[in-house]
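Novice: Before I ask anything, here is the structure I am working with.
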Amino acid sequence: MEAPAEVIAAAEGLVALYGPHFSILGERNGISYYRFDFPAGEKTGFPFVYAYRKGKPVKEISDFDALEIIASFGTE
């Protein structure tokens, strides 16, 4: 999935290590949510979700909040 340049920049540390691998979770209230996709088999802990609204700063979300967002879109 091609994520916006702002999302890729917000995840620059992960992108440098693993490449730009994102899935779009969905959109709510004008905010698009992207999950960073780690390579299969990586032991990483909590996922990273990025909330993006054009013209606004990207918000990086992790911990249990990221799990709740992923579950709210019905994805694993």
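The values are calculated or read from the model by the stated rules, or taken from the named source; none is laboratory data. Model, not experiment: these values are computed from the prediction. Methodologically, a virtual Cβ is constructed for each residue, glycine included, from the backbone with ideal geometry; neighbour enumeration extends over all protein chains shown.
Novice: Can you report the number of residues in segment 9-23 which are assigned to a helix (DSSP H, G or I) and buried (at least 18 other Cβ atoms within 10 Å of the Cβ)?
Specialist: 2
Novice: Then there's this: Only one residue in GLY26, GLY30 is surrounded by fewer than 16 Cβ atoms within 10 Å (Cβ to Cβ), more than 12 Å from the chain's Cα centre (by Cα) and in contact (Cβ under 8 Å) with a residue 12 or more places away in the chain. Which one?
Specialist: GLY30
Novice: Could you list, in sequence order, the residues of segment 39-62 that are under 11 Å from the mean Cα position of the chain (by Cα) and either of a type in the set (Lys, Arg) or at pLDDT below 90 (or both)?
Specialist: Correct list: LYS59 only.
Novice: If you don't mind, there's one more thing I want to ask. Output yes when any residue across segment 33-54 is crowded, with 17+ Cβ neighbours inside 10 Å, out of contact with any helix residue (DSSP H, G or I) (no Cβ under 6 Å at 6 or more places or on another chain), among the aromatic types (Phe, Trp, Tyr) and part of a loop (DSSP other than H, G, I, E, B), and no when none is.
Specialist: yes
Novice: State all residues of segment 33-53 that are basic (Lys, Arg) and touching a residue at least 40 places away in the same chain (Cβ under 8 Å); if no residue qualifies, say none.
Specialist: Of everything in segment 33-53, just one residue is basic (Lys, Arg) and touching a residue at least 40 places away in the same chain (Cβ under 8 Å), namely ARG35.
Novice: Can you name the condition, by its number, that PHE64 falls short on among (1) in contact with a Phe, Trp or Tyr (Cβ under 8 Å, 6 or more places away or on another chain); (2) surrounded by 10 or more Cβ atoms within 10 Å (Cβ to Cβ)?
Specialist: Here PHE64 meets the rest and fails (2).
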